[in-house]
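Presented below is the structure to which this report refers.
The values are calculated or read from the model by the stated rules, or taken from the named source; none is laboratory data. The shown structure was predicted, so the numbers you read here are calculated from the model rather than taken from an experiment. Here the Cβ is made from the backbone with ideal geometry for all residues, glycine too, and neighbour counts use every protein chain on show. Just the protein is used for accessible areas: all its heavy atoms, side chains included, with ligands, DNA and RNA removed. Shrake-Rupley method; radii C 1.70, N 1.55, O 1.52, S 1.80 Å.
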Amino acid sequence: MAAVRGGFQRSKRLKLQVFRTVVLLAAGIFFLVPIGAMFEFSTRGVGDKPRTLEAWQSIGTYPDLVAAITASLELAAITTIVMLVLLAPTMVWVRLKLPGLSPIMEFVCLLPLTIPAIVLVVGLAPIYNWMGNNFSDSILTLSFAYVVLVLPYAYRSLEAGLAAIDVKTLSEAARSLGAGWLTVMWRIIVPNISSAILNSAFLSVALVLGEYTIANNLLYNNLQVEIAFLGRANAGVSIAVAVASLVFAFVILVLLSFFNRGRGRLQLADLQQVMRTERG
Amino acid sequence: MTIAGAPAVSTTAGRPLLGGRRLPLDWIGTVPFLAYVAVFLFLPTVIVLGGSVFDANGSLTLVNFSHLSRVYIVKATIQTIGLSAFTAVVGAILGALVAYAIAVGNPQGLLRRLTLSVSGVLAQFGGVTLAFAFIATIGPAGFVYLWLAQHHADIYARSTWLFELPGLALVYLYFQIPLMVLVFLPALDGIKPQWREATESLGGGTWHYWRYVAGPLLAPAFLGATLLLFANSFSAYATANALINQGQPVISQQINGALSGEVGSFEPGFAKAIAVEMVIIVTLVTVLYSLLQRRTSRWLQ
């Protein structure tokens, strides 16, 4: 678009400047006011009382809410670990031994993007029903489904990391020096794709903390389900928690951009799609 | 859908794993992953597809699909398509304006980086949080509403539209616009300044440039992005469910209704039929999107 900077008449440039200012200002208002409103709402005093942090302080007094926060944090940890243990070695293995399989691997990993979460949950319901009767009905079993939701983002991020290093040469060198497969994986591959692993971990944490559709439909109370439920009884506390989870996600994002200097960088579009899955 | 295992066996020519054995065993390394995906991705898909056409006794039936003609389902489908089309078109136009405002600026400038980062932060907005943000803003207790009411402008004079479809459309725009910016900006960046100069040197003005050069080049990208936005809003559930408690006006909420039996009756087969309807629409839109995307990438390299 440098065309427009090409320098024609002054008035044209001025018009463009006015256009830019108006559009960006309007967008800024539309996108920032709701965030500010949440802060405002969550610090509001009852009646004519002055601003207070009461809603924030009372978060701990709702046992269901505390349980939901704990469950969501545990789910985030379990999902991330299962995803990494399942996906990373398989991707390395496919790269080394079964390169013919990589298109199928990609197709499978990106498949969840085309299936709305609300559709997936219809198929998951009987499976969870069966698991609940025969195995466990703990809320932590949700991580099985969450790993599937995370697959596309984790795959992309790990794929970018693996593409940036020469997996084959590295592992062959290590193998010829007598290293076993575990050593290759743990001491050669993992250190070399550490930023990609961190990226995928952050994405998976962000996704799990924001997930609503699957938990809601399988009747589990995770953080978002509890926020939505509480919002009908005590909007102030509920919005305070929502703001807190937003701030937490923001911290994750900052951390992510901090670790995100190397190659295999995470794309904004990926984050955007995490958002889509969360809403799905 | 379980084709993945088969080619693995035939295409492996790697080193033998154990001693001098020549049997290709490399595919064993992929078994845990494939087994997991089979249970938690393929099996649910098969359950949805199969469950929509088989009844409880295992015989083939189309009765679940015939239920799709129920008045409230048809209404929800039309409403969801309307909502998605509206937020896609409006989101695409507004998002394109924002993208253009960014694109004409300094490509290394602070404003551009800031806007893109903000889009990334907004990307963390889960559906429930988003609904609450708008309730806190223009809900009946939100400060914008209260401020307007003090100034004798009651935006809910007719109805509390925030908790109805118009409100949902407004909230959806909050994620549609950033998505459009992120999807459309690369296309705008691909427009070369030389094309503008060529138009000028041939005597064309701004109108000619947009009508005959930039417009036709950007049209496929714009249409494709609009379709993506459509699919995005069509498959959304969390925002709608957090915002609207009554009536279930959106098709994804109807799935929840048929699944939970809270409203009406518990009909898992019917839920699957609605799910298949959704998948078909989303797939159609996605295929069109990728076709348009291919056409765009041919021009804007």
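Checking the structure you have, find out if any residue of the range B:155-167 is on the phi < 0 side of the Ramachandran plot, within 21 Å of the chain's Cα centre (by Cα) and open to solvent by less than 10 Å² (accessible area, probe 1.4 Å).
Checked against the condition, which is being on the phi < 0 side of the Ramachandran plot, within 21 Å of the chain's Cα centre (by Cα) and open to solvent by less than 10 Å² (accessible area, probe 1.4 Å), the range B:155-167 yields at least one hit.
If the Cβ limit is 7 Å and pairs must be 6+ apart or interchain, which residue in the range B:222-243 that is farther than 14 Å from B:LEU291 by Cβ pairs with which residue that is in a loop (DSSP other than H, G, I, E, B)?
B:SER235/A:PRO116; B:SER235/A:GLY280; B:ALA236/A:GLY280; B:TYR237/A:GLY280; B:ALA238/A:TYR212; B:ALA238/B:GLY126; B:ALA240/B:VAL250
Going residue by residue through the range A:43-52, is there one that turns out to be out of contact with any strand residue (DSSP E or B) (no Cβ under 8 Å at 6 or more places or on another chain), of a type in the set (Gly, Ala, Ser) and assigned to a helix (DSSP H, G or I)?
Checking the range A:43-52: not a single residue is out of contact with any strand residue (DSSP E or B) (no Cβ under 8 Å at 6 or more places or on another chain), of a type in the set (Gly, Ala, Ser) and assigned to a helix (DSSP H, G or I).
Run B:TRP195 past the list (1) over 19 Å from B:ALA240 (Cβ atoms); (2) not in a helix (DSSP H, G or I) and report the number of the one that doesn't hold.
Among (1) over 19 Å from B:ALA240 (Cβ atoms); (2) not in a helix (DSSP H, G or I), B:TRP195 violates only (2).
Does at least one position in the range A:124-141 carry a residue that is in contact (Cβ under 8 Å) with a residue 12 or more places away in the chain, within 24 Å of B:ALA258 (Cβ to Cβ), out of contact with any Asp or Glu (no Cβ under 8 Å at 6 or more places or on another chain) and within 7 Å of chain B (Cβ to nearest Cβ)?
Checked the range A:124-141: at least one residue is in contact (Cβ under 8 Å) with a residue 12 or more places away in the chain, within 24 Å of B:ALA258 (Cβ to Cβ), out of contact with any Asp or Glu (no Cβ under 8 Å at 6 or more places or on another chain) and within 7 Å of chain B (Cβ to nearest Cβ).
Out of curiosity, is A:VAL237 assigned to a helix (DSSP H, G or I), open to solvent by less than 10 Å² (accessible area, probe 1.4 Å) and closer than 29 Å to B:PHE163 by Cβ?
yes
Would you please list the contacts, defined by Cβ atoms under 7 Å and residues six or more apart or on different chains, that run from a residue in the range B:200-214 that is farther than 18 Å from A:LYS12 by Cα and without any contact (Cβ under 8 Å) to a residue 60 or more places away in the chain to a residue that is open to solvent by 40 Å² or more (accessible area, probe 1.4 Å) and in a helix (DSSP H, G or I)?
Note: pairs meeting the criteria are B:VAL213/B:TRP195.
Pick out the one residue from A:SER136, A:SER157, A:SER143 that is over 20 Å from A:GLU74 (Cα atoms) and not aliphatic (A, V, I, L, M).
That would be A:SER157, the only listed residue that is over 20 Å from A:GLU74 (Cα atoms) and not aliphatic (A, V, I, L, M).
What number of residues within the range A:145-186 satisfy the criterion of being in contact with a helix residue (DSSP H, G or I) (Cβ under 6 Å, 6 or more places away or on another chain) and free of Cβ contacts under 8 Å to residues at least 60 places away in the same chain?
5
Go through the range A:88-116 and give me each residue that's at the interface with chain B (Cβ under 7 Å from one of its Cβ atoms), closer than 30 Å to B:ALA238 by Cα and at pLDDT 90 or above.
A:VAL108
Quick check on this structure: which one of A:VAL122, A:VAL147, A:VAL184 is open to solvent by less than 10 Å² (accessible area, probe 1.4 Å), more than 20 Å from the chain's Cα centre (by Cα) and closer than 23 Å to B:VAL48 by Cβ?
Residue meeting the stated conditions: A:VAL122.
Given the conditions (1) of a type in the set (Phe, Trp, Tyr); (2) within 30 Å of B:ALA225 (Cβ to Cβ); (3) within 14 Å of chain A (Cβ to nearest Cβ), and given that B:PHE54 satisfies all but one, which numbered condition is not satisfied?
Among (1) of a type in the set (Phe, Trp, Tyr); (2) within 30 Å of B:ALA225 (Cβ to Cβ); (3) within 14 Å of chain A (Cβ to nearest Cβ), the lone unmet condition for B:PHE54 is (2).
I'd like to check something: does the range A:249-261 contain any residue that is outside any helix (DSSP H, G or I), more than 9 Å from chain B (Cβ to nearest Cβ) and modelled with pLDDT under 65?
yes
I need the full set of residues from the range B:37-54 which are open to solvent by 60 Å² or more (accessible area, probe 1.4 Å) and either in contact with a strand residue (DSSP E or B) (Cβ under 9 Å, 6 or more places away or on another chain) or in contact (Cβ under 8 Å) with a residue 24 or more places away in the chain (or both), in order please.
B:VAL46, B:LEU49, B:PHE54
Farther than 22 Å from A:PHE202 by Cα and either touching a Phe, Trp or Tyr at 6+ places or on another chain (Cβ under 8 Å) or touching a residue at least 40 places away in the same chain (Cβ under 8 Å) (or both): which single residue out of A:VAL92, A:VAL121, A:VAL82 fits that description?
Result of the check over A:VAL92, A:VAL121, A:VAL82: A:VAL121.
This table checks each residue for (1) buried (at least 24 other Cβ atoms within 10 Å of the Cβ); (2) touching a strand residue (DSSP E or B) at 6+ places or on another chain (Cβ under 7 Å); (3) more than 30 Å from A:LEU219 (Cα to Cα).
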{"residue": "B:THR199", "(1), (2), (3)": "no, no, yes"}
{"residue": "B:VAL213", "(1), (2), (3)": "no, no, yes"}
{"residue": "B:LEU227", "(1), (2), (3)": "no, no, yes"}
{"residue": "B:GLN246", "(1), (2), (3)": "no, no, no"}
{"residue": "B:PRO249", "(1), (2), (3)": "no, no, no"}
{"residue": "B:GLY257", "(1), (2), (3)": "no, no, no"}
{"residue": "B:SER265", "(1), (2), (3)": "no, no, no"}
{"residue": "B:PHE270", "(1), (2), (3)": "yes, no, no"}
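Specify the residue that is nearest to A:GLY123 (Cα to Cα); the eligible residues are those in the range A:192-234 that are open to solvent by less than 10 Å² (accessible area, probe 1.4 Å) and charged (D, E, K, R).
Among residues in the range A:192-234 that are open to solvent by less than 10 Å² (accessible area, probe 1.4 Å) and charged (D, E, K, R), the one nearest to A:GLY123 (Cα to Cα) is A:GLU211.
For B:ALA136, indicate whether it is modelled with pLDDT of 85 or more, facing chain A (nearest Cβ under 7 Å) and in a helix (DSSP H, G or I).
Judged against the criteria, B:ALA136 is a match.
If I go through the range B:178-188 residue by residue, how many of them are among the β-branched types (Val, Ile, Thr) and open to solvent by less than 10 Å² (accessible area, probe 1.4 Å)?
1
On the given criteria, is B:PRO32 at pLDDT 90 or above and either part of a helix (DSSP H, G or I) or surrounded by 13 or more Cβ atoms within 10 Å (Cβ to Cβ) (or both)?
For B:PRO32, the condition - at pLDDT 90 or above and either part of a helix (DSSP H, G or I) or surrounded by 13 or more Cβ atoms within 10 Å (Cβ to Cβ) (or both) - is met.
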